[in-house]
Amino acid sequence: MNADLSLITLIAEASLLVKLVMLLLLAISVYSWFLIFRKSSELSQAKKDADSFEDKFWSGNELNKLYEDISSRPHASQGMEGIFEVGFKEFVRLKKSSSDSGLVLEGAQRVMRISLAREIDRLEMSLPFLATAGSTSPYIGLFGTVWGIMNSFIALGDVQQATLSMVAPGISEALIATAMGLFAAIPAVVAYNKYSHEVERLINRYDTFLEEFSSILQRQHS
């Protein structure tokens, strides 16, 4: 028996369940790569925005002027700009209505912490899917492999004499599911580890800025 072991033929002749497993893994892989490229662009832009804002903030410009420049933009501020905008706005509002410096500073810090929490949620978006894809894809592929090999050996019960050429196609098509599982998992795991580290560094920068800005506001109101 001459078995055609080409990749396309093996996939086409796989059992329905194995085909569904392969289709699921393909969908996971495609969506993972979409998230990988999108998250790369988002984090790159976030780092550029943070660098640009820090240059403006520490250049000696007046905080009032910096706030007016940011708040006059048509789009919503994000990152450090967003934390600064809500913090300074609340600081000015509370300063007009209260002479208690502790209360004013506490109120400004509260809204900045809320803004920071929203930034953390935005930066960490999509990372859970990459983590899930990286951890589950190999097992999904292994399930397809086990099912395909099991069907191959069950089919041997109907023949008098088993040969390697009879089971090779079935085992080969089953192993493709494992390969596809690894193909979907490896990029997702690498991207998750890389982006988690970058997100953590950005969050640390935001948190450091929040503390430094709070110190500046405290000196202004003291």
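Every condition in (1) among the hydroxyl-bearing types (Ser, Thr, Tyr); (2) free of Cβ contacts under 8 Å to residues at least 12 places away in the same chain; (3) surrounded by 17 or more Cβ atoms within 10 Å (Cβ to Cβ) holds for Ser44 except the one numbered (3).
A search for C-beta distances below 8 Å between a residue of the stretch 93-106 that is modelled with pLDDT under 85 and part of a helix (DSSP H, G or I) and any residue that is surrounded by fewer than 13 Cβ atoms within 10 Å (Cβ to Cβ) and of a type outside the set (Phe, Trp, Tyr), counting only pairs 6+ apart in sequence or on different chains, returns Ser101/Ser222.
Looking at Gly87, Gly79, just one residue is surrounded by 16 or more Cβ atoms within 10 Å (Cβ to Cβ), within 29 Å of the chain's Cα centre (by Cα) and within 20 Å of Gln218 (Cα to Cα), and that residue is Gly87.
Just so you know, in the stretch 107-155 the residues that are acidic (Asp, Glu) and either buried (at least 16 other Cβ atoms within 10 Å of the Cβ) or without any contact (Cβ under 8 Å) to a residue 40 or more places away in the chain (or both) include one that is farthest from Glu173 (Cα to Cα), and it is Glu119. Given the criteria surrounded by 13 or more Cβ atoms within 10 Å (Cβ to Cβ) and modelled with pLDDT under 95, does Glu173 qualify? When the stated conditions are applied, Glu173 passes them. Within the stretch 186-222, restricting attention to residues that are part of a helix (DSSP H, G or I) and of a type in the set (S, T, N, Q), the residue that is farthest from Ile114 (Cα to Cα) is Asn193. Return the residues of the stretch 21-39 that are surrounded by fewer than 18 Cβ atoms within 10 Å (Cβ to Cβ) and either in contact (Cβ under 8 Å) with a residue 60 or more places away in the chain or of a type in the set (D, E, K, R) (or both); say none if nothing qualifies. Within the stretch 21-39, Leu26, Tyr31, Trp33, Arg38 meet the criteria.
The values are calculated or read from the model by the stated rules, or taken from the named source; none is laboratory data. Bear in mind the structure is a predicted one, so any value in this text is a computation, not a measurement. Every residue, glycine as well, gets a Cβ built from its backbone with ideal geometry; the counts of neighbours run over all protein chains shown.
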